[in-house]
1. First compute the accessible area of the chain with a 1.4 Å probe, then give the percent of it belonging to carbon and sulfur atoms.
2. Quick check: the distance between the Cα centres of segment 216-277 and segment 168-194, to the nearest angstrom?
3. Given a 1.4 Å probe, how much area per residue of segment 98-150 is accessible, in Å²?
4. What accessible area per residue comes out for segment 195-268, rounded to a whole number of Å², with a 1.4 Å probe?
5. In terms of modelled amide H atoms, which long-range or inter-chain residues lie less than 5 Å from the amide H of Ile181?
6. Residue separation times 0.36 nm, minus the C-alpha to C-alpha distance between Ile362 and Ser36: what's the value?
7. Taking the Cα centre of the chain as origin, sum charge times position over the Cβ atoms of Lys and Arg (+1) and Asp and Glu (-1), and report the length of that vector in debye to the nearest 20.
8. Quick check on my link table: of Lys138/Lys321; Lys7/Lys307; Lys201/Lys321; Lys222/Lys311, which ones sit more than 29 Å apart, alpha carbon to alpha carbon?
Amino acid sequence: MNFELTKEQQMIREMVRDFAEKEVKPFAKELDETSSFRLETFKKMGELGLLGLPFPEEYGGSGGDTISYAIAVEEIGRACGGTGLSYAAAVSLGASPVYYFGTEEQKQEWLVPMAKGEVLGAFGLTEPNAGSDAGGTKTTAVLHGDEYVINGEKCWITNAGYARQVIVTAVTGKREDGKNIISAIIVPTDNPGVSIKSEYKKMGVRASNTSEIILDNVRVPKENLLGDPKKGFSQFLYTLDGGRISIAALAVGIAQAAYEEALAYAKERKQFGQPISKFQAIQFKLADMATYIELARTLVHKAAWLKDQNKPFSKEAAMAKLFASEMGFQVCNQALQIHGGNGYMQDYDAERHLRDIKLMEIGEGTSEIQRMVISRLIGC
Ligand SMILES: Cc1cc2nc3c(=O)[nH]c(=O)nc-3n(C[C@H](O)[C@H](O)[C@H](O)COP(=O)(O)OP(=O)(O)OC[C@H]3O[C@@H](n4cnc5c(N)ncnc54)[C@H](O)[C@@H]3O)c2cc1C
C-alpha cells in the first residue's frame, strides 16, 4: 500500500473539493435548517461523474478506484454531512449491489442510469423490527407465475423519496435448516402499491432524504431478483462491507471540517489577553484531533486499497467504520468545546457537525455491531 495518493487520486481530491466548496457548502446550513434535499446538487454531481465514480466506463461510470471514491465522500462530507450521506448511500447502497450482483441486463437497465447520475437508487434493508438483526426481516416476496408479490415495510431508507428504484430485502422461502431465505429485489418506486413518505424529524444529516416505504401487494417481474436468490444475505453483507468504507470516509470528512473550524476559531478568539490557541489545553485538543483524523483516514484508505486489490477487507472496513465514527464524534465534540458558548449556538457550524456525525455510529451497522464483526474476524 502506498501512503502517497496517486496523481489521479490527488486530482479527484482537488476536483471534488472545488465542487464541494462551490456547490455543496454554501447550502449546508439552509438545508439543515429546512430539512431539505437538494436534487440539483446531485444532478451536478452526475455531470461530473461522481455518482459513477467507482464503476467501469462500460456501465456509465468513471472507472475510479475505491480510494478515489472514499476521497470524494470525504470531501462532500467535509462540506455537508447530510449531502455526503446521500452521496455515499447513492453509490454504495443504491448502485453498487447492481454492479456486484446484477446480470448484464440488470446492469444496463438499472446501473447505467445511476452511474451516469440521471437517477438515484436506494437500498431498503431496515424494518421496524429488523435493524441490527437483519435476519429478522418480515417483508415477504412470493412468486406468483412470473412475478414476485411483495408485502412489508422498510424504515429510515436514505434517498428513497428521490429514487427511481429501491433494492429491498425480502423473505423468499425457507432453507433446509428452517431459516428464512432472504433475497434482494429491485422495486421501481412508481410501481402500484409502493408508498414512500419522508416525514421523519431527524437530529442531523437533515440534507439527506430519509424515508419510510410501505409495500402493499407490489408486483415486480421475477427478473428483478438481484443475484443468487439463496445468497441474498451474504450479498447484502458484502454490500454493507463496502458501504462501511464510505461511512468511515464520511466521518473523516465531517471531523475534518469540525477540526479546521476549531483551529481557525482558536486562533481568533482571545481570552486572558491572547488567542485561546496559545493555551496548551486547547493546543493538545487540536493536536489529538489532527492525529485521530489522520489515523482514521489511513484506516479508510487501507480498507479501500484492500478492496481494490480484491483482497478480504471486511475486518478493515469494520475497523475503519468503528474508529472513524467514534473518533469523529469525539473530534466534533471537542471542536464545539473549543468554540465555547458560540459552539452551542446555531450561528456556528460546530453544533451541526456534532449532530451530523452521530449518525455515523449508527447507520450501516452500529458500533456494537462493528465490534461483533471484528471479534468474529479476529477469531474470538
Ligand atoms: C438517518 C438514517 C439513515 C438510514 N439509512 C438506511 C438505508 O438507507 N437503508 C437501510 O436499510 N437502513 C438505513 N438506516 C437504518 C440503520 O442502518 C439502522 O438504524 C441500524 O442498522 C441500527 O438498527 P436499529 O436502529 O434498528 O437499532 P437496533 O438494532 O434496535 O439496536 C438498538 C441498540 O442495540 C444494540 N444492539 C443490537 N443488537 C445487539 C447485539 N447483538 N449486541 C449488542 N448490542 C446490540 C445496537 O448497537 C444499538 O445500540 C438508516 C438509519 C438512519 C437513522
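The values are calculated or read from the model by the stated rules, or taken from the named source; none is laboratory data. Everything numeric in this text was worked out from a predicted model, so none of it was measured. Virtual Cβ from ideal backbone geometry, glycine too; neighbours counted across all protein chains shown. We work out accessible area using only protein heavy atoms, side chains counted, and drop any ligands, DNA or RNA first. Shrake-Rupley method; radii C 1.70, N 1.55, O 1.52, S 1.80 Å.
1. Values: 8810 of 17130 Å².
Carbon plus sulfur share of accessible area: 51 percent.
2. 26 Å
3. Values: 2410 Å² over 53 residues.
Result: 45 Å² per residue.
4. Using a 1.4 Å probe on heavy atoms only, each residue of segment 195-268 averages 42 Å².
5. HN-HN under 5 Å from Ile181: Thr172, Gly173, Lys174, Arg175.
6. Numbers: separation 326, 0.36 × 326 = 117.36 nm, distance 2.13 nm.
115.2 nm is the gain from fully extending Ile362 to Ser36.
7. Working: 43 positive and 49 negative charges, 173 e Å.
Dipole about the Cα centre, nearest 20: 840 debye.
8. Correct reply: Lys222/Lys311.
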